[in-house]
1. Along the charge dipole of the chain, Cβ charges K/R +1 and D/E -1, which of His29, Pro94, Thr132 sits furthest on the positive end?
2. For helix 40-49, report the angle its Cα long axis makes with the longest principal axis of the Cα atoms of the chain; keep it between 0 and 90° and round to the nearest 10°.
3. With a ≥ b ≥ c the root eigenvalues of the C-alpha gyration tensor of the range 96-141, is it rounded (a/c under 1.5), prolate (a/b larger than b/c) or oblate?
4. Relative to the longest principal axis of the C-alpha atoms of the chain, give the angle of the C-alpha long axis of helix 60-74, reported between 0 and 90° and rounded to the nearest 10°.
5. In debye, nearest 20, what is the charge dipole magnitude of the range 84-128 about its Cα centre with +1 on Lys and Arg Cβ and -1 on Asp and Glu Cβ, if you could check?
6. When the dipole is taken about the Cα centre of the chain, and only Lys, Arg (+1) and Asp, Glu (-1) are charged at their Cβ, what size is it in debye, to the nearest 20?
7. For the range 103-109, take each phi angle, set θ = phi - 60°, evaluate the Karplus expression 6.51 cos²θ - 1.76 cosθ + 1.60, and give the result in whole Hz per residue in order, putting x for glycine and proline.
8. Set the Förster radius R0 to 35 Å, insert the Cβ-Cβ distance between Asp141 and Val77 as r into 1/(1 + (r/R0)^6), and round the FRET efficiency to 0.05.
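The values are calculated or read from the model by the stated rules, or taken from the named source; none is laboratory data. No experiment lies behind these values; they were computed from the predicted model shown. FYI the Cβ positions are ideal-geometry reconstructions off the backbone, even for glycines, and counts take in every protein chain you see. Only protein heavy atoms, including side chains, enter the accessible area calculation; ligands, DNA and RNA are left aside. Shrake-Rupley method; radii C 1.70, N 1.55, O 1.52, S 1.80 Å.
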Amino acid sequence: GDALAFIAGEDGSCVPVPDNCALATCGDHSYTVCQGQQFKSQSEASCGDLGMELAFMDDLEENTCVVDAALAAFGYVNFEETSYWIANTKDNSPIFPWAAGEPNTPSDRDIHILRYNNAPYGWNDVSGSVWTWGWVCESTD
């Protein structure tokens with residue numbers, strides 16, 4: 001069978017990586033890229049269960065690495081199945097690598113990545129309480 005992967009939980013214990021998630025490393029941070037259909041708040045809670053936080057993209061290099069990790073783990077299916085919540089918002093982000101035509105809804109404050117197969121590194125604005133996507137967690141150390 002497949003070997004189980006573990007990450008260090010918040011209390012230092014070993015936490016198994018959920019079946020719907022893949023591990024990734026970018027720089028000195030660890031990530032889990034998880035597929036599923038959750039609101040942003042649910043995704044934040046799922047990251048907390050792993051002793052992690054919803055991933056925050058500090059720069060374009062990190063954004064590229066995380067998107068590449070998601071594509072390597074799960075490929076691109078369609079935006080319903082391969083879009084991922086991140087912690088960045090229109091009100092809190094050092095970068096804004098919008099996809100062509102984005103942002104397009106002023107009231108949408110949240111952001112998800114990998115919305116567009118033809119522009120995988122571009123972001124989309126969206127409402128975290130209306131739509132459900134996958135999510136990316138980031139180590140807090």
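1. Of the options given, the answer is Thr132.
2. The answer is roughly 20 degrees.
3. oblate
4. 60 degrees
5. Value, rounded to 20: 80 debye.
6. So the magnitude is around 420 debye.
7. x, 10, 9, x, 7, 7, 9
8. For Asp141 and Val77, the calculated efficiency is 0.65.
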